[in-house]
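See below for the structure under consideration.
The values are calculated or read from the model by the stated rules, or taken from the named source; none is laboratory data. From a predicted model like this one, the values you see are computed outputs, not experimental measurements. All Cβ positions, even for glycine, are placed from backbone atoms using ideal geometry, and neighbour counts span all protein chains on display.
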């Protein structure tokens, strides 16, 4: 069975809650129109259609649009070797949707990262707290309205408040050079 056929089966089960499958560059995407049903759709995809691996969950900030956020689920089935993408929208006012940790335990850290970086909450998550930033950090750094220069911390004893310079650091690529290998920061030695 192909990914397109599996997507059709998923749409047949949930009807108008899902868009028609769209193919782009050999990848199939379905859009879920009611974000509250994401756990039901994912559960069916896993149990009935064999999408037993949650590859990733990511989020997109469509700043200036309503709904502001899109959450994207990348699913894969080892038995049929098919990939399927599910997308759903979340408004800034609601800024939350059901957790899929009851379907795939690996959703735990994916959802925590999205919460930490974008501020999207996952209802029913067993431990929704920051995973990269410290507890009490008041901002969501991957939102498009977050300034590139960052914001000063009100907690100087927890984190530094000045920007960290990248110039000359061990992971900064050197401009120029005769080839890519010479510019690669991992091959540099301290005397270079």
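Among the residues of the range 55-67, at least one is closer than 20 Å to residue 3 by Cβ, crowded, with 20+ Cβ neighbours inside 10 Å and in contact with a strand residue (DSSP E or B) (Cβ under 7 Å, 6 or more places away or on another chain). If you go through the range 3-16 and keep only what is surrounded by fewer than 19 Cβ atoms within 10 Å (Cβ to Cβ) and in contact with a strand residue (DSSP E or B) (Cβ under 7 Å, 6 or more places away or on another chain), you end up with 4, 11. A search for C-beta distances below 6 Å between a residue of the range 17-43 that is without any contact (Cβ under 8 Å) to a residue 12 or more places away in the chain and any residue that is assigned to a strand (DSSP E or B) and surrounded by 14 or more Cβ atoms within 10 Å (Cβ to Cβ), counting only pairs 6+ apart in sequence or on different chains, returns 22/29. Filter the range 118-166 down to the residues that are loosely packed, with under 12 Cβ neighbours inside 10 Å, at pLDDT below 80 and either within 28 Å of residue 89 (Cβ to Cβ) or touching a strand residue (DSSP E or B) at 6+ places or on another chain (Cβ under 8 Å) (or both) and list them by number. Answer for the range 118-166, where residues must be loosely packed, with under 12 Cβ neighbours inside 10 Å, at pLDDT below 80 and either within 28 Å of residue 89 (Cβ to Cβ) or touching a strand residue (DSSP E or B) at 6+ places or on another chain (Cβ under 8 Å) (or both): 147, 148.
This table checks each residue for (1) within 23 Å of residue 141 (Cβ to Cβ); (2) over 16 Å from the mean Cα position of the chain (by Cα).
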site: 59; (1), (2): yes, no
site: 66; (1), (2): yes, yes
site: 69; (1), (2): yes, no
site: 72; (1), (2): yes, no
site: 85; (1), (2): no, no
site: 96; (1), (2): yes, no
site: 100; (1), (2): no, no
site: 110; (1), (2): yes, no
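Regarding residue 88, is this residue farther than 17 Å from residue 31 by Cβ, in contact with a strand residue (DSSP E or B) (Cβ under 9 Å, 6 or more places away or on another chain) and crowded, with 19+ Cβ neighbours inside 10 Å? Here the answer is no, as residue 88 does not meet what is asked.
Show me the strands (runs of 3 or more DSSP E) entirely contained within the range 1-106 in which 1 or more residues are within 30 Å of residue 147 (Cβ to Cβ).
Where strands (runs of 3 or more DSSP E) fall fully within the range 1-106 and carry at least 1 residues being within 30 Å of residue 147 (Cβ to Cβ), they are 53-61, 69-77, 82-90, 96-98.
Here is a check on your reading of the model: is residue 50 modelled with pLDDT of 95 or more and either surrounded by 14 or more Cβ atoms within 10 Å (Cβ to Cβ) or within 26 Å of residue 118 (Cα to Cα) (or both)? When the stated conditions are applied, residue 50 passes them.
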